[in-house]
Amino acid sequence: MDLALRRARLAVTITFIVNGFAAGTFVARIPDFKRILEVSNGTLGSSLLFVSIGVFIALRPAGKNAAKYGSQPIIFWATIALSVACVLVGLLLSLQWFWFSLFLFGVAMATQDVAMNAHAVVVEQRAGKRLMSTFHGMFSVGTLIGGILGGIFSQWKVTPLQQALALAVIFFIIAIAVKPLFFPADADKHDFSSGPRAKHPFIFWILGFFGLFAAISEGAAGDWGGVLARDAFSATPFVSTLPYIVFCSAMIIGRFSGDYLAHRFGASLVIASGGIISGTGLTVGLIVGGIPAIMVSWFLLGIGLSVVIPLMFSAAGTLATKKYAGIIAPSEAVAKVSGVSYFGFVIGPPLIGFIADAIELRWTLFLIAAFSYLLIFASRYAREA
């Protein structure tokens, strides 16, 4: 591996960690946001939707700008914007200010996300081997570390603003330090100004829908595992946190091994196997019941789902580069797939909650098992890449 490739791989790795770290620290301070603003659970939930609004509004222009200017400058400015957005969120001046700052936080996170995945596609293709799952594993590591540190800061009475100012300085330094390490902007700049472009192929929507199934399952596993353990199986507050911890650990293990497995056995077989493992593991765990069974099933769910979204992004970038060059840029393909996929994180938890109000949560979660089994059909499209 030449020096330029090693430097770019390091830069992408750091950026994935930063993106995950920002998400983890943010989630860890949500209870403090609620306390400081003195809002109800309903108001807090509605407020957090502004992050999602910012994400969905930013995805399309992020893909287009990364294609037009190259992903390297977009990553740099998105990281700077993220440092500013963290401070704006930390100010907590009013509820309306909170909405505005959350929207900007979502825009910055989504823009950085699209650009870093686009650059990851370039690194992966120049390396001649799969790396996307490992990059997403670093995101998961960043999320875990950020969540732990955010919880520690909260316990130590560090205010959200103090934490945000520290993060802003760190992110700003990182943005400047890693910018020269990326491939230059020309590495993935695409000029489509010469004439009308063909309509984007429908396969990117298909990849996005399979990512959607995985995202719904991921979101539901994170938000409802603890509730299931406590309400259905009388777990203590501490034990009720264990399904999520086990799930996150499994996601990290799966993502760090995903590239090797995809290279060794092919992405198609890995995704199909993941669907079977997650679907069967969850089904058996829900039927057997009890905390030990739920722990095992959440671990298998995390292992099975871990590789799906990274491999969908990798497939999108590869197809855009090799099969649909001149029609759609890799950054636009990633933005389209992520736009559909990430919608699952928004609708998944409330969808499960709505159905669980009508029937018992334990049986509602069989829907997640069904979504997992549907991922078997995604293997056909991963094979094309």
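The values are calculated or read from the model by the stated rules, or taken from the named source; none is laboratory data. As the structure is a computational prediction, the values presented were derived from the model and not from experiment. Here the Cβ is made from the backbone with ideal geometry for all residues, glycine too, and neighbour counts use every protein chain on show.
When GLY226 is tested against the conditions (1) among the small types (Gly, Ala, Ser); (2) at pLDDT 90 or above; (3) on the phi < 0 side of the Ramachandran plot, the lone failure is (2). Taken over segment 283-322, the criterion of being hydroxyl-bearing (Ser, Thr, Tyr) and within 18 Å of the chain's Cα centre (by Cα) is satisfied by SER306, SER314.
Out of all the residues in segment 307-317, is one or more more than 27 Å from ILE145 (Cβ to Cβ), outside any helix (DSSP H, G or I) and outside the structural domain of LYS64 (by TED's automatic domain parsing)? No - not one qualifying residue is present in segment 307-317. Scanning segment 320-334 for residues that are assigned to a helix (DSSP H, G or I) and surrounded by fewer than 23 Cβ atoms within 10 Å (Cβ to Cβ) returns THR321, LYS322. Within segment 336-385, the set of residues being among the small types (Gly, Ala, Ser), surrounded by fewer than 16 Cβ atoms within 10 Å (Cβ to Cβ) and farther than 19 Å from GLY274 by Cα comprises GLY353, ALA358. Looking across segment 268-318 at every residue that is buried (at least 24 other Cβ atoms within 10 Å of the Cβ) and in contact with a Lys or Arg (Cβ under 7 Å, 6 or more places away or on another chain), the one that is farthest from LEU131 (Cα to Cα) is identified as SER306. Within segment 335-352, residues that are among the hydrophobic types (A, V, I, L, M, F, W, C) and assigned to a helix (DSSP H, G or I) have Cβ atoms under 9 Å from residues that are modelled with pLDDT under 80 and surrounded by fewer than 19 Cβ atoms within 10 Å (Cβ to Cβ) in these pairs: ILE352/ASP223, counting only partners at least 6 apart in sequence or on another chain. Of the residues making up segment 76-104, those that are without any contact (Cβ under 8 Å) to a residue 40 or more places away in the chain and surrounded by 23 or more Cβ atoms within 10 Å (Cβ to Cβ) number 3. In segment 235-263, of all residues being at pLDDT 85 or above and over 20 Å from GLY147 (Cα atoms), the one that is surrounded by the most Cβ atoms within 10 Å (Cβ to Cβ) corresponds to GLY258.
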